[in-house]
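J.: One structure coming up, written as structure tokens, with questions to follow.
The values are calculated or read from the model by the stated rules, or taken from the named source; none is laboratory data. These numbers come from a predicted model, not from an experiment. Glycine gets a Cβ as well: all are built from the backbone with ideal geometry, and neighbour counts include every protein chain shown. Heads up: the accessible areas ignore ligands, DNA and RNA and are worked out on the full protein's heavy atoms, side chains in. Shrake-Rupley method; radii C 1.70, N 1.55, O 1.52, S 1.80 Å.
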Amino acid sequence: MSQFELDAKRLLCPLPVIRTQDKIKTLNIGDILVVTCTDPGVMQDIPAWSRINGHQVLKTESGEYEFVITIEVGE
Amino acid sequence: MSKQIKAVSLISGGLDSMLATKAIMEQGVHVEGINFFTGFCVEGHTHAIRKKDKDKPKRNNSLWVAETLGIKLHIIDIIEEYKDVLINPKHGYGANMNPCLDCKVFMVKKAKQWMEENDFDFIITGEVMGQRPMSQRRETMPIISAESGADDRLVRPLCAQSLPATLPEREGWIHRDQLFDFSGRGRKPQMALANEYGFTDYSQPAGGCCFLTDESYSKKLVDLWKARGEKEYDLDDVMLLKVGRHIRPRPNFKIIVAREDGEARFMQGYKKTYINMNCASHRGPLALIEGDASAEDLHLAAQIVARYGQGRDAELVDIAVRDIAGNESIMQVKPFGVNEMPKDWFI
Ligand code: SF4
């Protein structure tokens, strides 16, 4: 199990979701991906995408300008 | 045990593709969704940018549809490849800059490629005959099947009964009598079917889900191409055409003036790419200058920007002008009067 970071700042939805999806394709089950974004829309879209595709959102953090989502890669 | 039949469905986020997908799932087929992001999708972006939309839920409709149906959704970035579709549409444009028929062919072709790579059996779309003047007509249905290469592996469950039987029907993977014969622009049959399936909270976007069908957006795109002397664009262009007032006082440059705080915040991200200005002596919006502007042009731009600030009635106002390196200078200008700006400056 390894941890990876993804910078999706300045991208507007659905691009952060697409980048997350494409990154996760290269990871293994159990890996952790931490995605940092600036579009607040990701707080809905990335968890929804993760639920649909069998990945688990471990944590969401919202700052004033940044939103960080931690995902565990599922099957 | 017989092989599990699998279909990939083009999910737009609207009701028709949702119903079409469900109709096939009901027949025991394993379905996964695919959604293409051209850059021009209304979804997401504008909600994120414009403050006035902040109260509406910011859900992404295609994700919502997939979750409601309980299927996987693959979102594919086609921004680059889509340029050729938009710039050189073989079948031309619709009422605005929407190359719907070429767009449909392209998306089905991409879906076919995905189907083959992932060992799926056929493709589903939510097309309804006669629903859209350009892309959803009796004559266009075979064009899409043939030009995409999907041929008889393309199933339109909502109007399948009015079309020749497809391979999945002939093979008995799906039953024709459980498909539909919807046609025309009316929405009643779709709403009745939604009711039957128990879908209530579905999206019915009034203005469509694509900026290319929008008259004002299309005008700005045409203006951009004309000013550049070539049909070219990148993602930043696509995004900036969605925000602000666009004013072109001279052929060589235009001004994008933020209309509200949400747009101004979004435009802040472009300060390192474009010369930008705002009123320093009064409250006023941020503006970006696109193109090659001379010192005289910048003076004119400053007068325009001043007109949108609270100093619009003042004799003189200070406008802060920044180059892309962030060097700032102050320009004193007389704001334009409300009627001093010719109508044809507004794109
Ligand atoms: S409305 Fe836009 S996305 Fe839909 S078919 Fe036409 S060009 Fe393509």
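J.: With the requirement that a residue be of a type outside the set (D, E, K, R), modelled with pLDDT of 95 or more and within 23 Å of the chain's Cα centre (by Cα), what does the range B:256-299 give you?
T.: Passing the criteria: B:Ile256, B:Val257, B:Ala258, B:Leu288.
J.: Could you give every pair whose Cβ atoms fall below 7 Å, whose first residue belongs to the range B:97-112 and is in contact (Cβ under 8 Å) with a residue 40 or more places away in the chain and farther than 14 Å from B:Leu154 by Cβ, and whose second residue is within 10 Å of the ligand (Cβ to nearest atom) and in a helix (DSSP H, G or I), counting only separations of at least 6 or pairs across chains?
T.: That search, which allows pairs on different chains as well, returns B:Met97/B:Leu212; B:Asn98/B:Leu212; B:Asn98/B:Thr213; B:Pro99/B:Val85; B:Pro99/B:Leu86; B:Cys103/B:Val85.
J.: Can I ask one more? Report yes if A:Asp7 is more than 14 Å from chain B (Cβ to nearest Cβ) and closer than 18 Å to B:Leu235 by Cβ, otherwise no.
T.: Yes, satisfied.
J.: Then there is this: Being under 22 Å from B:Arg250 (Cα atoms) and open to solvent by 40 Å² or more (accessible area, probe 1.4 Å) is the filter here, so list the residues in the range B:309-329 that pass it.
T.: B:Arg312, B:Asp323, B:Ile324
Every residue, every condition in (1) more than 23 Å from B:Met25 (Cβ to Cβ); (2) touching a Cys at 6+ places or on another chain (Cβ under 8 Å); (3) assigned by TED's automatic domain parsing to the domain that holds B:Ala95; (4) crowded, with 21+ Cβ neighbours inside 10 Å, yes or no:
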position	(1), (2), (3), (4)
B:Arg132	yes, yes, yes, no
B:Ala160	no, no, yes, yes
B:Gln178	no, no, yes, no
B:Asp181	no, yes, yes, no
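J.: Only one of B:Ala165, B:Ala192 is outside any loop (DSSP other than H, G, I, E, B), more than 15 Å from the ligand (Cβ to nearest atom) and open to solvent by 40 Å² or more (accessible area, probe 1.4 Å). Can you tell me which?
T.: B:Ala192
Matching residues to (1) in contact with a helix residue (DSSP H, G or I) (Cβ under 9 Å, 6 or more places away or on another chain); (2) more than 10 Å from the ligand (Cβ to nearest atom):
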{"site": "B:Met97", "(1), (2)": "yes, no"}
{"site": "B:Cys100", "(1), (2)": "yes, no"}
{"site": "B:Phe106", "(1), (2)": "yes, no"}
{"site": "B:Ala111", "(1), (2)": "yes, yes"}
{"site": "B:Glu116", "(1), (2)": "no, yes"}
{"site": "B:Ile123", "(1), (2)": "yes, yes"}
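J.: Using the structure shown, decide if B:Asn60 is of a type outside the set (Val, Ile, Thr), within 25 Å of B:Ser218 (Cβ to Cβ), out of contact with any strand residue (DSSP E or B) (no Cβ under 6 Å at 6 or more places or on another chain) and within 10 Å of chain A (Cβ to nearest Cβ).
T.: Yes.
J.: Regarding B:Asp201, is this residue acidic (Asp, Glu) and within 16 Å of the ligand (Cβ to nearest atom)?
T.: Here the answer is no, as B:Asp201 does not meet what is asked.
Here's the yes/no breakdown for (1) at positive phi; (2) surrounded by fewer than 19 Cβ atoms within 10 Å (Cβ to Cβ):
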| position | (1), (2) |
| --- | --- |
| B:Phe122 | no, no |
| B:Thr125 | no, no |
| B:Glu139 | no, yes |
| B:Gly149 | yes, yes |
| B:Val155 | no, no |
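J.: Right, next: Could you tell me whether B:Ala295 is out of contact with any Gly (no Cβ under 9 Å at 6 or more places or on another chain) and under 15 Å from B:Ile330 (Cα atoms)?
T.: Against the criterion (out of contact with any Gly (no Cβ under 9 Å at 6 or more places or on another chain) and under 15 Å from B:Ile330 (Cα atoms)), B:Ala295 qualifies.
J.: Taking the range B:208-250 only, how many residues are among the hydrophobic types (A, V, I, L, M, F, W, C), within 16 Å of the ligand (Cβ to nearest atom) and within 16 Å of B:Gly291 (Cα to Cα)?
T.: Within the range B:208-250, residues that are among the hydrophobic types (A, V, I, L, M, F, W, C), within 16 Å of the ligand (Cβ to nearest atom) and within 16 Å of B:Gly291 (Cα to Cα) number 4.
J.: Which residue is nearest to the other protein chains (Cβ to nearest Cβ), if the candidates are limited to the range B:2-20 and must be in a strand (DSSP E or B) and within 16 Å of the ligand (Cβ to nearest atom)?
T.: B:Ser9
Per-residue answers, yes or no, for (1) small (Gly, Ala, Ser); (2) more than 12 Å from the chain's Cα centre (by Cα):
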{"position": "A:Thr20", "(1), (2)": "no, no"}
{"position": "A:Ile24", "(1), (2)": "no, no"}
{"position": "A:Asn28", "(1), (2)": "no, yes"}
{"position": "A:Ile32", "(1), (2)": "no, no"}
{"position": "A:Val35", "(1), (2)": "no, no"}
{"position": "A:Pro40", "(1), (2)": "no, yes"}
{"position": "A:Asp45", "(1), (2)": "no, no"}
{"position": "A:Ser50", "(1), (2)": "yes, no"}
{"position": "A:Gln56", "(1), (2)": "no, no"}
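J.: Of B:Gly94, B:Gly172, which residue is at pLDDT below 95, open to solvent by 20 Å² or more (accessible area, probe 1.4 Å) and either in a loop (DSSP other than H, G, I, E, B) or not assigned by TED's automatic domain parsing to the domain that holds B:Asn35 (or both)?
T.: After ruling out the rest, the residue left standing is B:Gly94.
J.: Please count how many residues of the range B:195-226 are surrounded by 14 or more Cβ atoms within 10 Å (Cβ to Cβ), out of contact with any Lys or Arg (no Cβ under 7 Å at 6 or more places or on another chain) and over 22 Å from B:Cys100 (Cβ atoms).
T.: Residues meeting the conditions: 1.
J.: On to the next question. Suppose we filter the range B:175-189 for residues that are more than 33 Å from the chain's Cα centre (by Cα) and not in a helix (DSSP H, G or I); how many remain?
T.: Within the range B:175-189, residues that are more than 33 Å from the chain's Cα centre (by Cα) and not in a helix (DSSP H, G or I) number 1.
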